[in-house]
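First the structure, in the form of structure tokens, and then the observations on it.
The values are calculated or read from the model by the stated rules, or taken from the named source; none is laboratory data. Predicted model only: the values in this text are computed from it and were never measured. All Cβ positions, glycine included, derive from the backbone under ideal geometry; neighbour counts span all protein chains shown.
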Amino acid sequence: MEDAEMGDGSPKHFDRKQAVYQNLDERYVIHGERYRGQQYSQIYFTRLHHMRNLLNSLVPKWKPHLPVHTILGLEEGKECIIIGTMYKHMKLKSSILDEYSKERSTVPLVKPHNFMHPDDHLILEDESGRVKLAGTFLAPSVYVTGIVVALHGKETSDGDFFVQDVLEAGLPPQIEQPLDLREDKHVVFISGLSVGSSMFNPLQFQLLVDHITGHLGDENEQSIASQIVRVVIAGNSVQISQGILSGQTLAPKDQSRLTEPIKEFDISLIQLAAAMPVDIMPGPSDPANFSLPQQPLHRCLFPGASVYNTFLSCTNPHQFELDDVLFLGTSGQNIDDLSKYSDAKDKLEFMERTLKWRHLAPTAPNTLGCYPYTDKDPFLIESCPHVYFVGNQDKYETRLLQGPEKQLLRLICIPRFCETGVAVVAY
Amino acid sequence: MASAGGIRGFYREKKKGGVTKPSPKPYSTADPACSPVLKSAHVQGQEKEAEERLREFDMDMRYGPCLGLTRTERWNRAAVMGLNPSPDVEAILLKCSSSAALECLWEGRV
């Protein structure tokens, strides 16, 4: 793709670099799935089944001398290993039954952002039964409902399971990427544009678009811009004010307020799509479905940009390969939910934990909306990505993570553009 | 019949003396879903056996919860997952005539 310099003097021609792209969103697309009124027990079953097979293969290397039991097969005082799904009993977690059990006046009006409480305790569950976990080895503040682990311990006299050690699945294997140092290629991540909200600054966004497409700056800037091979917009691109979304019929003047943010965004997208490949992911505030995996935003929303073949509407979570480098990321719902129900020193630690548990969104379907799959759990991470990104976070953070089997990956937290004006460029 | 004892235990009737009659299959008297269709006793016996076998398959915890899936779907899923579901259940499902037998035990009742 060409990107000619606009200016006087001897025009220098920069060709935009290209990279081989492969979209791996197939597992997140819901097509052909018939909803027959099934409940979420099926997805938990498939999750437990796959993770249990995995953990069963890892247990012999961890503690080969101990037997693996089902929870009903526990014998008192005997040391063994159990594998199951973890459930965290939280006192402050809001339940729909609270509306019926408590008086309305005693329900606190301010909902806490984090539902943790010192009295939270963990329970392990498999098909045969559940057992409460005792002991101080496992800190409830670290774990959430929905992860599958193997525990070493023994049953106590009051029926609890005293935990002595824990085995998580660990980072998945990574396909080694051949280090190609010939060319420098960049990927730009933007998130949280919130076109249509009061915090959106059109000038700032236009500046970004101009810079990325190469219409700004001198030769140095443009040579940097020509190395950008892809733009990934990770969610929350538009924000439609809540007042109009109440479900009542709209007056004609209000109808234009509904579509204005998307039209404005489409205009900027045309500029971007004309210059380079763009991937757009839906986020919590975008006009897409609520439950994960969010399906791609429909083409009719972007009449201008969808004409270009460089424009690609993707699912959330989004997985793709660029020159054999595996990228995996979400628009933030999974990490935000983790931060409501557990504790960590920063968001990157949450991301690391999801990789160690090999599950993108362990709290789905418990507290995060999720499609009730019957035969698969698409959020299981099978191969370790080289770049793992999360959008709509408070600030920009990044870390290089090294795994025990020579996995190397970069974790990126993409901040909200409307608040910080920061876009992330990854090499 | 070599059964795991799950379903038969629900419907077992105990009588304190009194008139003894030859005890029929335990669920046949208590089962509300039995439709009074005129068939020969032999065919009826076979059908009940097949139905019992399918209910055992439904209740088997190894293949996961049975709600929300047809029995065929659940059997196929178990086969794909490598759980080795028994082939005679598949045989019954393939040649069963009534559509009610294809749905799991709790379909429509829960």
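Just name the residue that is nearest to the other protein chains (Cβ to nearest Cβ) out of those in region A:18-43 that are part of a loop (DSSP other than H, G, I, E, B) and among the β-branched types (Val, Ile, Thr).
A:ILE30
Please specify each residue of region A:51-93 satisfying the condition of being in a loop (DSSP other than H, G, I, E, B), touching a residue at least 40 places away in the same chain (Cβ under 8 Å) and within 30 Å of A:PHE115 (Cα to Cα).
Within region A:51-93, A:MET90, A:LYS93 meet the criteria.
Looking at region B:72-89 only, could you name the residues that are more than 13 Å from chain A (Cβ to nearest Cβ) and surrounded by 17 or more Cβ atoms within 10 Å (Cβ to Cβ)?
Correct list: B:PRO85, B:VAL89.
Whether any residue in region A:26-47 is in contact with a Lys or Arg (Cβ under 7 Å, 6 or more places away or on another chain) and surrounded by 14 or more Cβ atoms within 10 Å (Cβ to Cβ) is what I want to check.
Yes - at least one qualifying residue is present in region A:26-47.
For region A:346-391, which positions are of a type in the set (Lys, Arg) and closer than 12 Å to A:TYR44 by Cα?
Once the filter is applied, which keeps residues that are of a type in the set (Lys, Arg) and closer than 12 Å to A:TYR44 by Cα, region A:346-391 yields only A:LYS376.
Is one or more of the residues making up region A:379-386 modelled with pLDDT of 85 or more, farther than 19 Å from A:GLU176 by Cβ, away from chain B (no Cβ under 14 Å) and surrounded by 20 or more Cβ atoms within 10 Å (Cβ to Cβ)?
Scanning region A:379-386 turns up at least one residue that is modelled with pLDDT of 85 or more, farther than 19 Å from A:GLU176 by Cβ, away from chain B (no Cβ under 14 Å) and surrounded by 20 or more Cβ atoms within 10 Å (Cβ to Cβ).
Mind counting the residues in region A:128-158 that are among the aromatic types (Phe, Trp, Tyr), over 27 Å from the mean Cα position of the chain (by Cα) and crowded, with 20+ Cβ neighbours inside 10 Å?
0
Only residues that are at the interface with another protein chain (Cβ under 9 Å from one of its Cβ atoms) and in contact with a helix residue (DSSP H, G or I) (Cβ under 6 Å, 6 or more places away or on another chain): list them for region B:53-67, please.
B:TYR63, B:GLY64, B:PRO65
List the residue pairs whose Cβ atoms are under 6 Å apart, where the first residue sits in region A:320-345 and is over 25 Å from A:PHE417 (Cβ atoms), the second is among the hydrophobic types (A, V, I, L, M, F, W, C) and buried (at least 21 other Cβ atoms within 10 Å of the Cβ), and the two are 6 or more positions apart or on different chains.
So the pair list comes out as A:TYR341/A:VAL144; A:SER342/A:VAL144.
In region A:360-376, which residues are under 20 Å from A:ASP336 (Cα atoms) and in a loop (DSSP other than H, G, I, E, B)?
Matches in region A:360-376: A:LEU360, A:ALA361, A:PRO362, A:THR363, A:ALA364, A:PRO365, A:ASN366, A:THR367, A:LEU368, A:GLY369, A:TYR371.
Inside region B:7-94, counting only helices (runs of 4 or more DSSP H) that do not spill past its ends, which hold 3 or more residues that are at pLDDT 75 or above and over 16 Å from B:TRP106 (Cβ atoms)?
By residue number, B:41-59, B:71-80.
Checking the conditions here, which among A:ARG399, A:ARG353, A:ARG358 is closer than 28 Å to B:LEU67 by Cβ and among the basic types (Lys, Arg)?
Exactly one residue qualifies, and that residue is A:ARG358.
Go over the candidates A:LEU338, A:LEU355 one by one and state the one that is touching a Gly at 6+ places or on another chain (Cβ under 9 Å), of a type outside the set (Phe, Trp, Tyr), away from chain B (no Cβ under 14 Å) and in a helix (DSSP H, G or I).
Answer to the selection: A:LEU355.
Search region A:118-127 for residues being surrounded by 14 or more Cβ atoms within 10 Å (Cβ to Cβ) and in a loop (DSSP other than H, G, I, E, B), and hand back the single one that is nearest to the other protein chains (Cβ to nearest Cβ).
A:GLU127
Looking only at region A:49-60, decide whether some residue is touching a helix residue (DSSP H, G or I) at 6+ places or on another chain (Cβ under 8 Å) and either modelled with pLDDT of 80 or more or within 14 Å of chain B (Cβ to nearest Cβ) (or both).
Checking region A:49-60: not a single residue is touching a helix residue (DSSP H, G or I) at 6+ places or on another chain (Cβ under 8 Å) and either modelled with pLDDT of 80 or more or within 14 Å of chain B (Cβ to nearest Cβ) (or both).
Say whether the condition of being closer than 30 Å to A:ASP343 by Cβ and among the β-branched types (Val, Ile, Thr) is met by at least one residue in region A:191-211.
no
Got a sec? Which strands (runs of 3 or more DSSP E) wholly within region A:134-219 have at least 2 residues that are farther than 28 Å from A:ILE262 by Cβ?
Because the criterion is at least 2 residues that are farther than 28 Å from A:ILE262 by Cβ, the strands (runs of 3 or more DSSP E) in region A:134-219 that meet it are A:148-155, A:161-167.
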